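Read through the structure below, which is laid out as structure tokens, and then see the notes.
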Amino acid sequence: MPSLTATLSTTHNSPITDEVRSGWTAGLRTQGRRVTKQRLAVLDAVHRSPHSTAEAIVDAVRQELPSITVQSVYVVLADLVDIEMLRKFQPPGTPALYETRTGDNHHHALCIKCLTVEDIECTVGHAPCLTPEQSHGMQLLSADVIYRGICANCQNQLATSQ
């Protein structure tokens, strides 16, 4: 099976603008957190490589802050998830993955060959996107769906190898 860390080295298409950083700063302050270089470096790393593992995030953050400890990155990740500035999800059989896309109810598609993860928009447009037969009296807020399949690149590789 391919390495998830290697698979997730692709970068995000949208640049990190002053507007994005201002949003992070405001979000941290709104949640009563100080704006630190460690928090901003983690947000930056996750934004640049969405669907990254903690290990990949540590590697990316260390390019900016070489002396940061693994423990510090994990503490920042957990805190940013707690205040909903990062989303953490874990497809079956993989380590947890992180992304800066929060506040919506999108889903994910996972290639079973190369482990690429892609965002899938909510099919209904509002949470929870899926209506279960039974809610057991709960007010449902979101639905986490992971579609498993074979991405276009892997399909092409399979077709040319036959």
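The values are calculated or read from the model by the stated rules, or taken from the named source; none is laboratory data. Every value quoted in this text rests on a predicted model; they were computed, and no experiment measured them. Cβ atoms come from the backbone with ideal geometry, glycine included; neighbour counts cover every protein chain shown. The accessibility values were calculated without ligands, DNA or RNA, using every heavy atom of the protein model including side chains. Shrake-Rupley method; radii C 1.70, N 1.55, O 1.52, S 1.80 Å.
Quick notes
- Picking from residues in segment 30-43 that are assigned to a loop (DSSP other than H, G, I, E, B) and among the charged types (D, E, K, R), the one that is most open to solvent (accessible area, probe 1.4 Å) is R34.
- Considering the conditions (1) in contact (Cβ under 8 Å) with a residue 24 or more places away in the chain; (2) touching a Ser or Thr at 6+ places or on another chain (Cβ under 9 Å); (3) open to solvent by 60 Å² or more (accessible area, probe 1.4 Å), E118 is excluded by exactly one of them, (2).
- Check on V124, in contact (Cβ under 8 Å) with a residue 60 or more places away in the chain and of a type in the set (A, V, I, L, M): no
- Evaluation of T160 against the conditions (1) surrounded by fewer than 14 Cβ atoms within 10 Å (Cβ to Cβ); (2) hydroxyl-bearing (S, T, Y); (3) touching a residue at least 40 places away in the same chain (Cβ under 8 Å) shows that the sole unmet condition is (3).
- Residues being closer than 17 Å to C154 by Cβ and not basic (K, R) - total across segment 72-119: 13
- Per-region count, segment 77-115, residues out of contact with any Ser or Thr (no Cβ under 6 Å at 6 or more places or on another chain), over 16 Å from G149 (Cβ atoms) and charged (D, E, K, R): 6
- Across segment 61-108, the qualifying residues are those that are of a type in the set (F, W, Y) and under 13 Å from the mean Cα position of the chain (by Cα), and the one among them that is surrounded by the fewest Cβ atoms within 10 Å (Cβ to Cβ) is F89.
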